[in-house]
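The values are calculated or read from the model by the stated rules, or taken from the named source; none is laboratory data. Because the structure is a prediction, the values reported are computed rather than measured. Positions of Cβ are generated from backbone atoms using ideal geometry, with glycine treated the same way; all protein chains shown enter the neighbour counts.
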């Protein structure tokens, strides 16, 4: 009997090249973009319900977040002109192309929304800009999930089904945390409810993703990335529970819960980023799933012949 072959790559080197994206620029961009998109949605809801301070804080937070995110993206690209060059073409099949155009439309809307909220000038224009930013907000919060899933990195690519829900849930908790941190407790009710919704979506989708992708989920639970993901889960639960039970009466408790949710969202994005890098460096994460897919396809090919 010939023993089963065990896989080892050439001198143990990775089979694929790891992304050249660097931290903190790109994971910071993933976090900031998500925060901005969700904050715009929260701002529009606060406007509709007459919560002026929550709306203003969310609008200013959305502008600040998208500004920081764009700085990280441009810094990673090396030159600002490289971002502008991406606007020379429109490619619907490319998440990066669509994302570039989305950011080019969202940024000015967020700026006008925040500017009119702070100055009180041109209220009708401000309402139009707020509505436009809110309409694009979910796309801004989720398109980066499609961006990283559309790569050869195993831990990202195989999680493509649940990754957008993880990103949207994390973005929602971040925006909720910002709202609880900056708005008075009597106006922060929507932020507290958004925190619970976002936490349930993020944790549920993350658990389902790791269960479905099997051994490829190892970086999400082990090593540096695993520590980040576990810490994010604890802070997400603590922030959402603390906001609901204590943040409605206590300003310090609301602020502490908001900070916990913001930190949790940061750790989630950095944890997912580091998990992808670790997955790309491990050759078994590339070849193992490929062989499994081939094995699953062998019976079907035998039936066809």
Residue under evaluation residue 253, criteria (1) farther than 20 Å from residue 186 by Cα; (2) surrounded by 15 or more Cβ atoms within 10 Å (Cβ to Cβ); (3) free of Cβ contacts under 8 Å to residues at least 12 places away in the same chain, criterion not met: (1)
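Go through region 158-175 and give me each residue that's surrounded by fewer than 19 Cβ atoms within 10 Å (Cβ to Cβ) and assigned to a helix (DSSP H, G or I).
Scanning region 158-175 gives a single hit, 165.
Results for (1) under 25 Å from residue 228 (Cβ atoms); (2) in contact with a strand residue (DSSP E or B) (Cβ under 9 Å, 6 or more places away or on another chain); (3) at pLDDT 85 or above, shown as yes or no for each residue.
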{"residue": "6", "(1), (2), (3)": "no, no, no"}
{"residue": "25", "(1), (2), (3)": "yes, no, yes"}
{"residue": "52", "(1), (2), (3)": "no, no, yes"}
{"residue": "70", "(1), (2), (3)": "yes, no, yes"}
{"residue": "84", "(1), (2), (3)": "no, no, no"}
Residue in region 116-124 that is crowded, with 21+ Cβ neighbours inside 10 Å, touching a helix residue (DSSP H, G or I) at 6+ places or on another chain (Cβ under 7 Å) and touching a residue at least 60 places away in the same chain (Cβ under 8 Å) present: yes
Residue 91 modelled with pLDDT of 95 or more, over 17 Å from residue 265 (Cα atoms) and surrounded by fewer than 22 Cβ atoms within 10 Å (Cβ to Cβ): no
Where a residue in region 186-213 is on the phi < 0 side of the Ramachandran plot and touching a residue at least 24 places away in the same chain (Cβ under 8 Å) and its partner, wherever it lies, is surrounded by fewer than 20 Cβ atoms within 10 Å (Cβ to Cβ) and assigned to a helix (DSSP H, G or I), with Cβ under 6 Å and at least six apart: 187/53; 190/45; 192/244; 201/165; 205/165
Residues (surrounded by fewer than 18 Cβ atoms within 10 Å (Cβ to Cβ) and within 22 Å of residue 30 (Cα to Cα)) located in region 125-138: 135, 138
Residue in region 38-51 that is in contact with a helix residue (DSSP H, G or I) (Cβ under 8 Å, 6 or more places away or on another chain) and without any contact (Cβ under 8 Å) to a residue 12 or more places away in the chain present: no
Any hit, region 131-144, residues being at pLDDT below 95, assigned to a loop (DSSP other than H, G, I, E, B) and in contact with a helix residue (DSSP H, G or I) (Cβ under 8 Å, 6 or more places away or on another chain): no
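Residues that are within 20 Å of residue 166 (Cα to Cα) and either touching a residue at least 40 places away in the same chain (Cβ under 8 Å) or touching a strand residue (DSSP E or B) at 6+ places or on another chain (Cβ under 7 Å) (or both): does region 57-64 have at least one?
Looking for residues that are within 20 Å of residue 166 (Cα to Cα) and either touching a residue at least 40 places away in the same chain (Cβ under 8 Å) or touching a strand residue (DSSP E or B) at 6+ places or on another chain (Cβ under 7 Å) (or both), one finds at least one in region 57-64, hence yes.
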